Amino acid sequence: MSCEKKKAELDYNENGFPIITNSFKLDFIKEFLNDTSLAKYKRYSEPYVFMVNDDNKIYTITENSKIQNLTKTDYISLKLKIQDISFIYEQLSEDLKNENLIAHGLRSLNWDKLVDYHFENTNLGIEYFVSQDSIAKVEESLKDNGILYLSTPIFNKTLDLAFMDIEGSVTGETIIFKKIEDRWSVKEITNEWIR
């Protein structure tokens with residue numbers, strides 16, 4: 001993957017650190033989706049993408065034979081070698097939404113425009129804004145093309161490391177990407193899980 005946005009096109013804050021915009025994050029996701037074989041998602045040629053931003057997620061590491069549980073912020077800080085936690089918080093405060101993906105030309109769905117789930121007394125009610133046949137076609141398309149659930153990518157200050165959680169239909173992983181000569185590659189898969 002290569003980065004379409006160069007450092008010169010970014011804005012910088014008063015401390016000289018890059019301001020990571022949603023557009024920059026979306027360009028990174030677009031590049032990842034151009035070659036999903038970088039991770040373990042070779043079968044996903046044109047997947048639908050959904051954002052999953054779980055800021056309360058706990059990451060487990062083993063260090064010196066001791067198990068530690070880290071918050072998402074502490075884990076990113078460790079893996080991307082960022083000591084300034086506020087730099088991570090700034091990026092996490094701008095979580096990407098599915099609407100951002102759609103507006104940026106990525107394949108996603110805004111379920112809120114298709115279906116409304118609500119409670120009527122104690123019963124779950126479902127209100128369809130489109131026909132149920134249309135919903136079935138959408139579900140079939142999702143099944144055929146695959147779905148990837150992504151966390152908002154987080155970058156280090158020099159923009160040569162990136163963090164992202166990626167989950168397919170049954171497996172997921174946390175990936176650290178490294179930029180070498182304007183190309184992103186997988187540096188490390190730090191966590192793997194099965195749903």
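Take the Cα of TYR89, step 7 Å toward its Cβ, do the same at GLN68, and the gap between the two points is 2.0 nm. Each of the peptides 100-108, 79-87 was scored by the mean count of other Cβ atoms within 10 Å over its residues; in descending order, highest first, they stand as 100-108, 79-87.
Each value in this text was obtained by applying a stated rule to the coordinates, not by laboratory testing. A quick note: this is a predicted structure, and the numbers were derived from the prediction, not measured. Every residue, glycine as well, gets a Cβ built from its backbone with ideal geometry; the counts of neighbours run over all protein chains shown.
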